[in-house]
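Some notes on the structure that comes next.
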Amino acid sequence: MNNSVGNTARLIGAGLRALLVLTIVCGVVYPLAVTGIAQAAFGHQANGSEIKDANGTVVGSSLIGQSYGDDPRWFRGRPAAGLAANTVNTRYELLVSGATNKAADSPELLKAVREARAKAVLDNTVPGYAPSPSEVPADAVTSSGSGLDPDISPAYAKLQLHRIAEKNGLPVAAVAKLVAEHTRSRTLGFMGEPRVNVLELNVALKDLAQR
């Protein structure tokens, strides 16, 4: 009897010591080590990939697209097709992440694409420049899988060049140079497609227009 009680007490004591050690190692030491390494080696990414304007004010994250509405002065991102209106983080007026879940032959999707293409042509028509419907790239009329894609294709940025230049009183060549400077190539040279981060581009555009 005493031997059984002693063994039980010993096992309980060993379990409690193991719990204490694992709690310290896994719950304190490991998180602190990972956080320290992340802050030291990947500080920008660890802090949310924040983007700041010329005044040092955080204006968003390079990982999440933002809406610029119909303001013609700014480059626009892909259509947002989130599942519902955002009610938690209202700072950036985001949508809940999600796609339309409509099939490629869905009449609703086809109608939305045609309307978006016509709007893209109309919005980017300025004196001396009128794009044709065939120049409108796919990312100008369709949302991404998340509905919050922060990037657009160089072709979509090029489609908006003349409108941006005209509305901001800038030479087209200057705006084209800005787009070229913010165009990223494929990751590691073969993954993904060339892309332009809309928020980073608009922050640079605002700085250029003010100068």
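The values are calculated or read from the model by the stated rules, or taken from the named source; none is laboratory data. What you are looking at is a predicted structure, and each value in this text was computed from that prediction instead of being measured. Here the Cβ is made from the backbone with ideal geometry for all residues, glycine too, and neighbour counts use every protein chain on show.
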Matching residues in segment 157-199 - criterion: being in a helix (DSSP H, G or I), in contact (Cβ under 8 Å) with a residue 60 or more places away in the chain and closer than 15 Å to residue 78 by Cβ: 157, 198, 199
Only one of 209, 176 that is hydrophobic (A, V, I, L, M, F, W, C) and at pLDDT below 95: 209
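Name the one entry in 194, 150 that is surrounded by 21 or more Cβ atoms within 10 Å (Cβ to Cβ) and in contact with a Ser or Thr (Cβ under 8 Å, 6 or more places away or on another chain). If you could, list the steps in order and put the result at the bottom.
Numbers: 194 fails: surrounded by 21 or more Cβ atoms within 10 Å (Cβ to Cβ).
None of the other options fit; the residue is 150.
Report the residue count in segment 130-145 for those that are in contact (Cβ under 8 Å) with a residue 24 or more places away in the chain and over 16 Å from residue 103 (Cα atoms).
The first filter runs over segment 130-145 and keeps only residues in contact (Cβ under 8 Å) with a residue 24 or more places away in the chain, leaving 131, 135, 139-145.
Filter once more, keeping what is over 16 Å from residue 103 (Cα atoms): 131, 135, 139-140.
Residues that pass the stated criteria total 4.
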Condition met for residue 128 (at positive phi, at pLDDT below 95, surrounded by fewer than 13 Cβ atoms within 10 Å (Cβ to Cβ) and in the same structural domain as residue 99 (by TED's automatic domain parsing)): yes
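Okay, residues lined up against (1) within 30 Å of residue 157 (Cα to Cα); (2) surrounded by 11 or more Cβ atoms within 10 Å (Cβ to Cβ); (3) in contact (Cβ under 8 Å) with a residue 12 or more places away in the chain:
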| position | (1), (2), (3) |
| --- | --- |
| 6 | no, no, no |
| 30 | no, yes, no |
| 40 | no, no, no |
| 77 | yes, yes, yes |
Residue check for residue 204: of a type in the set (A, V, I, L, M, F, W, C) and over 22 Å from residue 60 (Cα atoms): no
